[in-house]
Amino acid sequence: MSMAHINFALELATAFYMLMILLGHLEGGRVPKRRPDYFGWMVILDIVMLLSDTMVYYLILSHLLKYPRYMLLKQIMNSVDFIAYYVFLTVFVFYVTDCISESAPVSWLLAKLTLPVCIVYTVIWCISSFNGMIFRETRVGLVRGPYYWVGQLGGYFVILMVIWLVFRYRAALGWKKALTFLSFIFFPVGASFLRILFPHLAYIPLALSMSLLLVSNFLLKEQAKKLQEQELRLEKARIVLMFSQIKPHFLYNALNSIYVLCGRDPEKAQQAVGEFSEYLRGNLEGMNQEKEITMEKELQHVKHYLHLEKLRYREDLNIEYEIETMDFRLPPLSLQPIVENAVKHGIMKKKGGGTVLIATQDKGDHAEITVKDDGVGFDPKKLPEDGELHLGLKSVRDRLWEISRGTLAISSVKNEGTTVTICIPY
């Protein structure tokens with residue numbers, strides 16, 4: 001059996017195995033929502049490299065290269081291999097940078113710089129398939145051309161960039177992930193040295209596949225750990241939310257307001273009973289639901305709550321709406337606790353009351369919700385760690401992040417008011 005037979009069998013088997021990894025990755029849904037699936041694209045590109053190499057070995061074994069059209073097909077397959085390799089390098093640098101950004105602030109400049117470098121070297125290697133400046137096509141394989149080492153500089157540049165990123169941010173990555181990423185350097189470099197000693201065996205595609213296998217196993221363990229932690233956080237947030245939504249004083253005050261209306265204005269009392277019923281139903285449904293709901297439904301729940309508060313505070317509580325968009329979804333009971341804090345801790349502590357503004361805007365890549373009051377305000381740095389306000393905001397923030405990858409920001413000035421901004425990525 002010749003080396004071409006061995007290479008053909010090895011690369012075809014590896015391509016099939018990598019296809020199984022890709023299918024398992026896609027089925028497992030290991031990519032957080034709204035994050036690019038860099039790993040999935042790396043596996044796809046590795047499969048393309050393996051299959052293009054397999055096609056080349058098939059042409060060699062079938063003795064078809066004596067015909068010019070099949071020699072041209074071999075050149076095209078080699079060009080596909082080079083394109084996939086340099087795109088792989090680019091995606092890999094973006095993947096490393098993206099993983100670092102989960103734990104630490106990192107500049108994307110180096111990742112963006114990789115793109116033009118890889119484009120230039122992709123063009124150079126593809127041209128070389130036809131003019132032989134980096135390597136020369138033969139019927140049995142590739143032979144180095146006069147500018148072979150110049151053609152290696154692009155790959156070395158990316159390798160050095162990745163090594164710098166991994167060592168610079170090794171604390172943010174953790175030693176396990178750092179070593180996993182470095183395997184993409186050490187395995188192919190080791191394969192290059194082996195190819196010098198044993199030039200007829202295809203090492204580099206197999207080395208990249210081994211590195212991807214390591215990443216796949218690492219992702220499985222990391223995802224299982226993250227899912228467990230996420231479930232614990234969501235359960236804790238659900239419990240906090242449940243207790244924060246059970247407000248005996250609010251229930252008592254709402255029922256008392258309805259009681260007064262029964263004698264004064266039975267029609268309004270009937271409407272208030274309906275609002276109270278819808279409010280309670282919204283709370284019960286929201287506490288038992290983890291999936292996102294429409295902004296329209298969440299806003300309707302807020303309006304039920306505010307209608308009841310308006311019965312109690314009358315002219316002391318003013319509500320304004322500036323709703324530009326409702327074409328997005330968010331976790332249930334995300335907005336209502338924020339509005340309730342604005343009323344309870346902002347407006348009602350201010351002599352003469354005030355106004356709560358609820359606004360939404362389309363910011364292109366995300367929707368923004370703003371809840372602003374002109375109440376008493378507070379110092380966010382001195383917010384008590386065990387206070388009801390702190391626990392309620394923390395619960396909302398945790399659920400926004402875990403379910404929608406949303407964020408919550410607070411700005412407040414004493415005696416001027418508070419603004420809470422929620423950002424929900426599309």
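The values are calculated or read from the model by the stated rules, or taken from the named source; none is laboratory data. Since the structure is predicted, the reported quantities are computational estimates derived from the model, not experimental observations. Don't worry about glycine lacking a Cβ; one is built from the backbone with ideal geometry, like all the others, and counts go over all protein chains shown.
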Task: Where Gly346 falls short, out of the listed (1) of a type in the set (Gly, Ala, Ser); (2) in a loop (DSSP other than H, G, I, E, B); (3) more than 26 Å from the chain's Cα centre (by Cα) - done: (2)
Task: Residue ID - nearest to the chain's Cα centre (by Cα), chosen from residues in segment 1-48 that are closer than 21 Å to Val93 by Cα and at pLDDT below 75 - done: Arg35
Open item on the list: Report every pair of residues separated by at least 6 positions or lying on different chains whose Cβ atoms are under 6 Å apart, first residue within segment 34-57 and at positive phi and surrounded by fewer than 24 Cβ atoms within 10 Å (Cβ to Cβ), second small (Gly, Ala, Ser) and in a helix (DSSP H, G or I).
Closed with: none
Task: Qualifying residue in segment 299-321 (condition: in contact with a strand residue (DSSP E or B) (Cβ under 6 Å, 6 or more places away or on another chain), closer than 30 Å to Leu261 by Cα, at pLDDT 85 or above and surrounded by fewer than 14 Cβ atoms within 10 Å (Cβ to Cβ)) - done: yes
Open item on the list: For segment 77-113, give me each residue that is over 17 Å from Val166 (Cβ atoms) and surrounded by fewer than 15 Cβ atoms within 10 Å (Cβ to Cβ).
Closed with: Lys112
Open item on the list: Checking Glu388 against (1) of a type in the set (D, E, K, R); (2) closer than 21 Å to Leu306 by Cα; (3) modelled with pLDDT of 85 or more: exactly one of these is not met. Which one?
Closed with: (3)
Open item on the list: Kindly evaluate Leu335 against the criterion of being within 19 Å of Ile410 (Cα to Cα) and surrounded by 14 or more Cβ atoms within 10 Å (Cβ to Cβ).
Closed with: yes
TODO: Test Asp379 against the stated conditions and say whether it is at pLDDT below 90 and either exposed (fewer than 14 other Cβ atoms within 10 Å of the Cβ) or aromatic (Phe, Trp, Tyr) (or both).
DONE: yes
Open item on the list: If a residue must be modelled with pLDDT of 85 or more, surrounded by 20 or more Cβ atoms within 10 Å (Cβ to Cβ) and of a type in the set (A, V, I, L, M, F, W, C), how many such residues does segment 276-298 contain?
Closed with: 1
TODO: State all residues of segment 154-182 that are surrounded by 14 or more Cβ atoms within 10 Å (Cβ to Cβ) and closer than 23 Å to Cys126 by Cα; if no residue qualifies, say none.
DONE: Gly154, Gly155, Phe157, Val158, Ile159
